[in-house]
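Encoded as structure tokens, the structure appears first; notes follow it.
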Amino acid sequence: MEQLTPRIFTETQLRGCNPSYVTTSDGVVVIDTPQLPTYAVAMRQEAETHGVIRYVINTEHHVDHIFGNYFFKGAGQVVHHQGIYENFMKVTPDLDPYAYALEAIPTDDPEGAGLFPDKEEYYADPNSGSIVFTGDLTLRVGDRTFHLLHTPGHTPGQTAVHVPEERTVFTGDTIFSECQTWLMTSNVTQWIDTLDRLRGLDVDYVVPGHGPITTTSAFDAQRAILIEWEAAVASAISLGWSREETIDRVTFAERFPVDIGQGHMMHYIQTLNASSLYDKFTAGQRP
Ligand SMILES: [Zn+2]
């Protein structure tokens, strides 16, 4: 994995989120787990060479951030905001998270097939939260501090992890760095408020949920793309375009690639982003 600071290791080159770990004088803290089994097992092994894993923190409930928890069973306690805990690996009308994780195996991790649990085995103990909090939570682990900040918007339980001694914040999907933003069920209004909160942090590094490591400039870039999406769909409605016309004509596909390994999702992202904003605006809701 890439070493970002003396204590932080992260991986931005895999399909899935950017899983990371932080070493302390009293063990290791993992932040998000690899979706692909081979890499989850390898990351656990690597992290454990730095000490015992004390905590696994997830930044959100989306499958690409949590599926790998299964391979961290027995490695410390899993810490979840209540919004993550309540939605953990829950099937929704849009997505069956287990099926989505399984579908990645032939193309992205064929060697992981043997490690992939069948559905019953998986759901018997997927390694969800054993410490569940609301609001913010601070963990002091050895000589490092972990401020878990409730930063809703992309998802209801969205959690940013600020490690002041390393001048770093892990934002999860509050930041999509140089790649497509997934809106779907997001609350865009809350998301913009969250960006304003994070903008106040005194940090050098922003570890995004997807895409390359970035800096605090990412907060403005992410706000701009959210506002552009809203404006484009609001304009479509003002022009009298139907839902179908809006989905066909409003696209940001040219702007960024999809994060690694998910290029095939481009059309899905554009369609769901446009349709979710259209549905909320036409229902008279703030998106
Ligand atoms: Zn994600």
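The values are calculated or read from the model by the stated rules, or taken from the named source; none is laboratory data. Keep in mind the model is a prediction, meaning the values are calculated, not measured. Cβ atoms come from the backbone with ideal geometry, glycine included; neighbour counts cover every protein chain shown. We work out accessible area using only protein heavy atoms, side chains counted, and drop any ligands, DNA or RNA first. Shrake-Rupley method; radii C 1.70, N 1.55, O 1.52, S 1.80 Å.
Reported count of residues in the stretch 150-196, each being among the aliphatic types (A, V, I, L, M) and not in a strand (DSSP E or B), is 5. Among residues that are within 16 Å of the ligand (Cβ to nearest atom) and touching a residue at least 12 places away in the same chain (Cβ under 8 Å), Val188 is not included.
Every listed requirement among (1) open to solvent by 10 Å² or more (accessible area, probe 1.4 Å); (2) in contact (Cβ under 8 Å) with a residue 24 or more places away in the chain; (3) more than 20 Å from Phe116 (Cα to Cα) is met by Leu14 save one, (3).
Looking only at residues of the stretch 249-266 that are in a helix (DSSP H, G or I), closer than 30 Å to Leu102 by Cα and not aliphatic (A, V, I, L, M), we find that the one that is most open to solvent (accessible area, probe 1.4 Å) is His264. The set of residues in the stretch 267-287 that are more than 15 Å from the ligand (Cβ to nearest atom), open to solvent by less than 40 Å² (accessible area, probe 1.4 Å) and in a helix (DSSP H, G or I) comprises Gln270, Thr271, Ala274, Ser275, Ser276, Leu277, Tyr278. Looking at the stretch 201-212, which of the residues that are touching a strand residue (DSSP E or B) at 6+ places or on another chain (Cβ under 6 Å) and over 12 Å from Cys179 (Cα atoms) is nearest to the ligand (Cβ to nearest atom)? The selected residue is Val207.
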